[in-house]
């Protein structure tokens, strides 16, 4: 038994060759700095800020926590990690010999006449001799066996194990990337709902004022003060507000339905008070840092690199297939016809064997398989670099939008103030008979559109803040801990 174990340990350690190419991280085809990368005083890197700390809206935090706990797509992602982990364990187990305990007992009976001894053993002088008419044999075997264990001299099994491990780790990064994406989706949907609610409130106030204006226009027309033209124009203002209100209610309800799916179902119990879109400091201030930090923080980039490492190991396994496949078999145990002497020293039995397999001509199959693994690795290099470029673009877009949205909101705020003044002047001019009602119609329509645009810009700015946080790989500490 000791000899068998020693032999297995020695052969297992013989794995000096590895034909996988040395891994080199591909060059990141991006600039060394982000455009518009201005860090405000007191800002921090996104990776230093957990999502609970980043978001200032307590209601949004409740929705995100529910999504991370109950989202069904996230549950599928977690299950895929367990599948990849099991597959890695299956592959890695092939690097060690599989030991099996075998026990067998047989008893056979063979008639002597079937062997031609029946007459020779018969009695003479008419007496029936008492002699056995069959041979009975008992055989007992107990032992430990190793069946076809591959000696991994060329690193084939080791590279297959490394490839499975890298793909397993890639599924973990994919799950982390999905968690960040889920945080972004929930926040964007929530902000869309909040914008819809505020725009609905604006439309309702506008509609109420316009219905009052329509009532006054009807009275003026009935008393002959104005013509039906003013009444019809007032009707247009009312119908415009009604149509806009119906559209906002539809889109907001659909966003609420999407949010319910994202968080895994409706929430029970009271929710914290929501923050208005106009409130400042809804998010923590972010320092974009350098693009090189993305390579270490973005889970999609890390996952793409792990897939590339797996392809690198596949090349090593494909190269090892050109060398002989050497396998070992062996067993050690005891064999005896008697249970009492089964485990005695004289009943010991053992055997060792080996096999070598080297295809001489396979019509180019192994060469084609090696070319396939190399081509797959080339594809994954391009995929990795494309992922890096996309990550850089997402951050750069969010940084540009952060600055330009601030400029747009400032300009739109001034436009709303000017449009509100213009509408007030138009009503005064009409009431004093200086202008026609069409001037009031245009002013009211433009004011309503300007106010709606301002709310939409504020929501877009907040959604861009979330996009920048996720693009920088922020929130992984709390997200991963859920």
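All of the numbers you see were taken from the coordinates with simple rules; none came from a lab. No experiment lies behind these values; they were computed from the predicted model shown. Using ideal geometry, Cβ is built from the backbone for each residue, glycine included, and neighbour counts are taken over all protein chains shown.
Rounded, prolate or oblate: which fits region 257-389, taking a ≥ b ≥ c as square roots of the Cα gyration tensor eigenvalues, rounded meaning a/c under 1.5, else prolate when a/b beats b/c?
Because a/c hits 1.5 or more and a/b fails to exceed b/c, region 257-389 counts as oblate.
Please report, in Å, the Rg and the Dmax of the chain, where both are computed over Cα atoms only.
Looking at the chain, its Cα Rg and Dmax stand at 39.9, 156 Å.
Tell me, in nm to one decimal, what length is gained between residue 329 and residue 58 on full extension, where the rule is 0.36 nm per residue of separation less the Cα-Cα distance?
91.1 nm
What shape does region 359-417 take by its C-alpha gyration tensor, where a ≥ b ≥ c are the square roots of the eigenvalues and a/c under 1.5 counts as rounded, a/b above b/c as prolate, and the rest as oblate?
The shape class here is prolate.
Can you pull the Rg over Rh of region 179-332, Cα-only, Kirkwood?
1.38
Rounded to a whole number of µm²/s, how large is the Stokes-Einstein D of region 397-439 at 10 °C and 1.306 mPa s, given Rh as the Kirkwood radius over C-alpha pairs?
128
Remind me, relative contact order of the chain in percent, using alpha carbon pairs under 8 angstrom and six or more residues apart?
Dividing the mean separation by the residue count of the chain yields 30 percent.
Report Rg (one decimal) and Dmax (nearest whole number) for region 366-467, counting Cα atoms only, units Å.
Here Rg and the maximum Cα pair distance are 26.6, 94 Å.
I'd like to compare 210-219, 395-404: which one has the highest average count of other Cβ atoms within 10 Å, and what's the full order after that?
In decreasing order of mean packing, 210-219, 395-404 become 395-404, 210-219.
Between residue 290 and residue 23, take the C-beta separation as r, use R0 = 22 Å, and let me know the FRET efficiency to the nearest 0.05.
After rounding, the FRET efficiency stands at 0.40.
Write down the Å³ per residue value for the convex hull defined by the alpha carbon atoms of region 237-278.
Hull volume over Cα atoms, normalised by residue count, gives 111 Å³.
I need the peptides 231-241, 417-427, 169-179 ranked by packing, meaning the mean over residues of other C-beta atoms within 10 angstrom, with the highest value on top.
So the peptides 231-241, 417-427, 169-179, ranked by packing, come out 169-179, 231-241, 417-427.
Hey, fewest Cβ within 10 Å first, where do 438, 74 land in order?
Ranking 438, 74 by Cβ neighbours within 10 Å, fewest first, gives 438, 74.
What does the highest-first list of 366-373, 31-38 look like by mean Cβ count within 10 Å?
For the peptides 366-373, 31-38, the packing ranking is 366-373, 31-38.
Evaluate the relative contact order of region 330-482 (contact order divided by residue number), counting alpha-carbon pairs under 8 angstrom at least 6 apart; express in whole percent.
The normalised contact order for region 330-482 reaches 21 percent.
Taking only DSSP H segments of four or more residues, each worth -39500 (n - 2.57), what value at 222 nm results for the chain once the sum is divided by all its residues, to the nearest 500 deg cm²/dmol?
-21500 deg cm²/dmol
Say a paramagnetic label sat at a point 7 Å from the Cα of residue 268, along Cα to Cβ; which residues of region 37-73 have their backbone N under 17 Å from it?
So the set is 66-67, 70.
Could you list, bin by bin from short to long, the percent of Cα-Cα pairs of region 132-262 in 10 Å steps?
Each 10 Å bin holds this share of Cα pairs: 10, 16, 13, 11, 10, 9, 7, 7, 6, 4, 3, 2, 1, 0.
With labels modelled as points extended 7 Å from the Cα through the Cβ direction, what inter-label distance (nm, one decimal) is found for residue 87 paired with residue 228?
So the two model labels end up 7.4 nm from each other.
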